[in-house]
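Reviewing the structure listed below.
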Amino acid sequence: MIRIGCHLSPSKGLLRMGQDALSIRANTFQFFLRNPRGSKAKALDLEDAAALMKLLREKDMLPMVAHAPYTLNPCAADGRVQEFAAMVMKDDLERMNAFSGNLYNFHPGSHVGQGISAGIEKTAALLNTLLTPDMPATVLIETMSGQGSEIGGAFEEIRKIIDRVELREKVGVCLDTCHVFAAGYDIVHDLDGVLESFDRQIGLSRLKALHVNDSLFPLGSRKDRHAPIGKGCIGLDAFLALVDHPSLKNLPMILETPQDDLAGYAREIALLRGEAVDNL
Ligand code: FE
Ligand code: FE
Ligand code: ZN
């Protein structure tokens, strides 16, 4: 069975979030360790975290993914903005001690006029200050759409970040289907070719998770707008091939599609497992 789930909110507690995942037959999921806008974060409830981890182990729902606040810019030109990203990510990675063995995903950032190379250097330098040999999380760089001045829209850029990281064994990649498609990788007509390119540039062994999102805009649009599965420019057939691809088997697949409620995600999960679904 494929490992699939969706992005969930911990607003009603961590254990409750795991129970929500279970209720929609998810066997992985993703969440923010703090308010996604990245400001003040409550202290982590360690008992609740332990209860969640117990449930996830019992129900075979690991690994799961924690997502860094998407407002951070790890390669900002403004030193204070970059320092803020460093501070939040450091705190998040300490929180990951309560979720040992799991994945922490972040956006490599926008260079805002400094140029891609400068952005790559800064994001790699930040990782070098954050990663420690004994940390229990694997940090994932997310593939981006290349919207605006985002870095990480080309596999080569991700490889250059990883090349500059010292503790490379702590770093992996999360492939977002909407983002790579918007960046120009044709996963609809040439999934094998895209994965070969990923393997050549980064190495498939670095691929640790997928974000499974349809795209509102066409191939190469460089616009990051997610659509429900089957309702965008990627289309259901491409997703059914993707979740079945031998190179992607066993990776956690996370839906970040626009859905109003858990029932919407339950339908998408069933759909991608190849089960009959009504009311699509
Ligand atoms: Fe993301
Ligand atoms: Fe994503
Ligand atoms: Zn996105």
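The values are calculated or read from the model by the stated rules, or taken from the named source; none is laboratory data. Quick caveat: nothing in here was measured; it's all calculated off a predicted structure. Because the Cβ atoms are built from the backbone with ideal geometry, glycine has one as well, and the counts that use them run over all protein chains shown.
Odds and ends about this structure:
- Residue selected from the range 130-152 under the condition closer than 28 Å to L62 by Cβ and of a type in the set (S, T, Y), by the criterion farthest from ligand 1 (Cβ to nearest atom): T132
- Cβ-Cβ under 7 Å pairs, at least 6 apart or on other chains, the range 101-116 side part of a loop (DSSP other than H, G, I, E, B), far side among the acidic types (D, E): H107/E142
- Qualifying residues in the range 255-279 (those that are part of a loop (DSSP other than H, G, I, E, B) and of a type in the set (V, I, T)) - the one farthest from ligand 3 (Cβ to nearest atom): V277
- Checking each residue in the range 223-232 for being under 27 Å from G172 (Cα atoms), away from ligand 1 (no atom under 16 Å from the Cβ) and not β-branched (V, I, T) picks out only P228.
- Scanning the range 116-124 finds no residues that are within 16 Å of ligand 2 (Cβ to nearest atom) and of a type in the set (D, E, K, R).
- Only residues that are buried (at least 20 other Cβ atoms within 10 Å of the Cβ) and more than 15 Å from ligand 3 (Cβ to nearest atom) were counted across the range 143-159, and they come to 3.
- The condition (being among the hydrophobic types (A, V, I, L, M, F, W, C), modelled with pLDDT of 95 or more, over 22 Å from A183 (Cα atoms) and within 16 Å of ligand 1 (Cβ to nearest atom)) is satisfied by just one residue among A85, A98: A85.
- Condition check for M89: under 22 Å from P133 (Cβ atoms), touching a residue at least 24 places away in the same chain (Cβ under 8 Å), surrounded by 15 or more Cβ atoms within 10 Å (Cβ to Cβ) and of a type in the set (A, V, I, L, M, F, W, C): yes
- Output for the range 123-158, where each listed residue is assigned to a helix (DSSP H, G or I) and small (G, A, S): A124, A125
- Looking only at the range 53-82, and only at residues there that are of a type in the set (S, T, N, Q) and within 16 Å of ligand 1 (Cβ to nearest atom), the one that is nearest to N128 (Cα to Cα): N73
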